[in-house]
Amino acid sequence: MAITALLTKIFKPSINTGFWTQTSWAILRTVVGIMMIHNGLDKLADIESFSHAYVEVIGLPFPIFFSYLAALTEISAAPLLAIGLLTRPAALGLFSTMCVAIYHHILVAGLNLPYLELSAVYAACFLLFTVNGGGLFSSDALIVNWLDATALSQQDKQMMRLENAYQSESVEKAATQ
């Protein structure tokens, strides 16, 4: 029973049932997840060069290990974020890699916004999903509904099934007849 409660807490999204809000969250989650995959692939393509240029510069021990860790985090967590599965842990891992990237940019170029821009935007997006979860149009929401049928309200379940739009039309037709 305790494991179900813990899993429900991990998977349960922050609930704002507006269709357009949930749709925009799903689009943002998918776009930043897909766009982040290439960063991990680029790191793996030349791990020693990445390690020398980035990880050694900030003084982390075991630079090759941490280079692989960053690359594998981005390769595994970004697709999870895109589909909304284990959104909070995936986003936390990606947020952590972006915090290290921001630290690197500050060490190398100071508070130079063009260098910080992309890492900061990614970090803000990942922080948003770490705090709020994947939204109603995510795999997490489907799992939490399966784990605990009472975790989401009836309105949330209707939104997940996109029934609100159809019900409002049928209610309007019935009212005019």
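Would you mind stating whether PHE65 is over 19 Å from the mean Cα position of the chain (by Cα), surrounded by fewer than 20 Cβ atoms within 10 Å (Cβ to Cβ) and either assigned to a helix (DSSP H, G or I) or not aromatic (Phe, Trp, Tyr) (or both)? In short, yes. How many residues does the stretch 66-93 contain that are of a type outside the set (Asp, Glu) and closer than 17 Å to PHE50 by Cα? Summing the residues that are of a type outside the set (Asp, Glu) and closer than 17 Å to PHE50 by Cα in the stretch 66-93 gives 9. Return yes or no: is ALA91 out of contact with any strand residue (DSSP E or B) (no Cβ under 8 Å at 6 or more places or on another chain) and within 23 Å of THR130 (Cα to Cα)? Yes: the conditions hold for ALA91.
Being surrounded by fewer than 20 Cβ atoms within 10 Å (Cβ to Cβ), of a type in the set (Val, Ile, Thr) and touching a residue at least 12 places away in the same chain (Cβ under 8 Å) narrows it down to one of ILE102, ILE106, so name that one. Just a single option satisfies the conditions, and that option is ILE102.
When the helices (runs of 4 or more DSSP H) confined to the stretch 108-163 are screened for residues that are at pLDDT 90 or above, those reaching at least 2 such residues are found at 113-132, 139-147. Given LEU85, LEU81, which one is closer than 30 Å to ILE10 by Cβ and not in a helix (DSSP H, G or I)? Testing whether each residue is closer than 30 Å to ILE10 by Cβ and not in a helix (DSSP H, G or I) leaves just LEU85.
The residue that is modelled with the highest pLDDT, counting only those in the stretch 1-50 that are crowded, with 16+ Cβ neighbours inside 10 Å and outside any helix (DSSP H, G or I), is LYS12.
The values are calculated or read from the model by the stated rules, or taken from the named source; none is laboratory data. Since the model is a prediction, treat every value here as computed from it, not as a measurement. Heads up, the Cβs are rebuilt from the backbone with ideal geometry, glycines too, and the neighbour counts pull from every protein chain shown.
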